[in-house]
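Here is the structure we will look at, set down as structure tokens.
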Amino acid sequence: MQTLEFDRLQETLYHEELPNGLQVFILPKKGFSKTYVSFTTKYGSIDNTFIPLGKEEKVRVPDGIAHFLEHKMFEKEDGDVFQKFGMNGASANAFTSFTRTAYLFSATENLYPNTELLLDFVQSPYFTEQTVEKEKGIIGQEITMYDDNPDWRSYFGAIENLYKDHPVKIDIAGTVDSIADITADHLYECYHTFYHPSNMLVFAVGAVDPEEMMEFIRSNQAKKTFDKPEPIVREYPKETAAADVPARSIEMDVSKPKVQVGIKLPANDLTGVEALKHELASEILLDLLFGRTSDFFTEAYDEGLIDESFSTEYSAETGFAFAVIGTDSNEPDKFAEKVKATLRGASEKFPFGQDALDRQIRRRTGLFLRALNSIEYIANQFTRYAFNGMNLFDTVPALESLQVKDLQDALEPLADEQAWTVFQVLPDGKGE
């Protein structure tokens, strides 16, 4: 078992790769009574075109299947797994993102029975055509609910505008039509391809003994047999630098327009600390340009262009990256133009020096250190970073190494006008 010391953070991380390829990370936290354990596969909604395990030809599976599979994993022949966690005093959950599917629990008791339950149910698929058909109605209702949510439609509409073919533009849950095509055979094919231990990661954090937990997981995995691991061949369409649709609007039952400015960013091949630095630089730059202490925010608020719903988001995963800046606004066109003008102005004359960067570094270091008191934050973020070739605990030194040049490099793709799009949700009767 490998021991990784992070002296400045006073954290010790334990890591081992098991013979079946499973990566296991354990982070004991003194003074905590709760433990959080996640079991995550590097498989998300964008993985809809791939070569199945043991085959040679690529397949294209229905959209939304990763999310559908997540739902179905909890239903077993002998009952619902959620109930079993509850009987063990644990709170269980799961989620699917663009790039990963996670199963998790938190508990203050019965750590090993719950860990065994987590490992075993994720590694014991059970699908029938009858249960698959039943689930289509349940997930169909969930999809309809999101379709009726103006905030979700606004956010995802911007992403849809940005991409022509990349599956990141497709709702994580798919559509009612796409999930109608899912079969039990589809689920088994995706499961056996992406749920191999060599494509997965276990992370335990909190009140946990690393030696005991590692031995428990070793023993659990040693009792099981798996196919020989093979590299997973995934296929994603190539995208141009330009946004696919420069502007679009829809009408919904809203009292105030919603507007998002989306920016399509180039997918880079950075890994490790360099990837982490680029992500941090991009987030800091967006905060300096549009955050609540920025000139933009003060002016836009005084002009009535934004309200408390205003937000910025930067998202970067293997194969894609984008930024979204949005708000509710009675003047969505003016808001969008002000965002664009801010980016143009920063590109013409970079407005930030080392002092502004240093303030951001201090602020973000403090926020990060406070976040380390949340075992939920650590578990969720650590896995995302690990699947993208980064280490969460490199955050502070990566922050401290940032230079103004890193912010300037991050600005270049943000200021590329062909990469911009605007999406609006307008009150009924005011659309294009």
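Nothing in this text is a laboratory measurement; each read-out follows from the coordinates by a stated rule. Note that the coordinates shown come from a computational prediction; the quantities given were computed from them, not determined experimentally. Don't worry about glycine lacking a Cβ; one is built from the backbone with ideal geometry, like all the others, and counts go over all protein chains shown.
A few notes on this one:
- Based on every Cα atom in the stretch 343-425, Rg and the maximum pairwise Cα distance Dmax equal 16.1, 43 Å.
- Normalised by the number of residues in the chain, the average gap of Cα pairs under 8 Å and 6 or more apart makes the relative contact order 22 percent.
- The stretch 46-98 has equivalent-ellipsoid semi-axes of 30, 13, 9 Å, by the square roots of 5 times the alpha carbon gyration tensor eigenvalues, sorted largest first.
- Packing-based ranking of 207-213, 166-172 yields 166-172, 207-213, ordered from highest to lowest mean Cβ neighbour count within 10 Å.
- The length gained by stretching the chain between TYR188 and ALA222 to full extension, at 0.36 nm per residue less their Cα-Cα distance, is 10.0 nm.
- Crossing angle, helix 375-387 versus the chain [Cα axis fit, 0-90 degrees, rounded to tens]: 90 degrees
- Global geometry of the chain, whether rounded, prolate or oblate, following the gyration tensor of its Cα atoms and the 1.5 cut on a/c: oblate
- Per-residue [θ]222 nm for the chain (sum of -39500 (n - 2.57) over DSSP H runs n ≥ 4, rounded to 500): -13000 deg cm²/dmol
- THR3 versus THR271: modelled label distance in nm, points set 7 Å from Cα along the beta carbon direction: 2.8 nm
- Residues whose placed amide H lies under 5 Å from that of GLU251, excluding near-sequence neighbours: LEU426
- Peptides 65-72, 316-323 ordered by packing proxy, namely the average of other Cβ atoms within 10 Å per residue, highest first: 65-72, 316-323.
- Those residues of the stretch 156-184 whose amide nitrogen sits under 18 Å from the label point placed on LYS58, 7 Å along Cα→Cβ: 164-170
- Here is the tail figure for the stretch 52-167: Cα pairs spaced more than 21 Å apart come to 53 percent of all pairs.
- Each of the peptides 303-312, 418-427 was scored by the mean count of other Cβ atoms within 10 Å over its residues; in descending order, highest first, they stand as 418-427, 303-312.
- With respect to the chain, whose longest principal axis is taken over its alpha-carbon atoms, helix 129-147 is tilted by about 20°.
- Set LYS169/LYS258; LYS338/LYS405; LYS29/LYS405; LYS238/LYS334; LYS76/LYS169; LYS264/LYS349 screened for pairs whose C-alpha atoms are more than 28 Å apart: LYS29/LYS405; LYS238/LYS334; LYS76/LYS169
- Two-site label geometry, PHE297 and GLU230: point separation in nm, points 7 Å out along Cα→Cβ: 5.1 nm
- Built from the Cα atoms of the stretch 288-432, the convex hull projects on average onto 10.8 nm², one quarter of its surface area.
- The modelled label-to-label distance between LEU367 and THR12, using points 7 Å beyond Cα along the C-beta direction, is 3.2 nm.
- Per-residue 3J(HN,Hα) values for the stretch 213-230, derived from phi via the Karplus relation 6.51 cos²θ - 1.76 cosθ + 1.60 with θ = phi - 60°, read 5, 4, 5, 5, 5, 4, 5, 4, 6, 5, 7, 10, 10, 9, 4, 4, x, 10 Hz in sequence order (x marks Gly and Pro).
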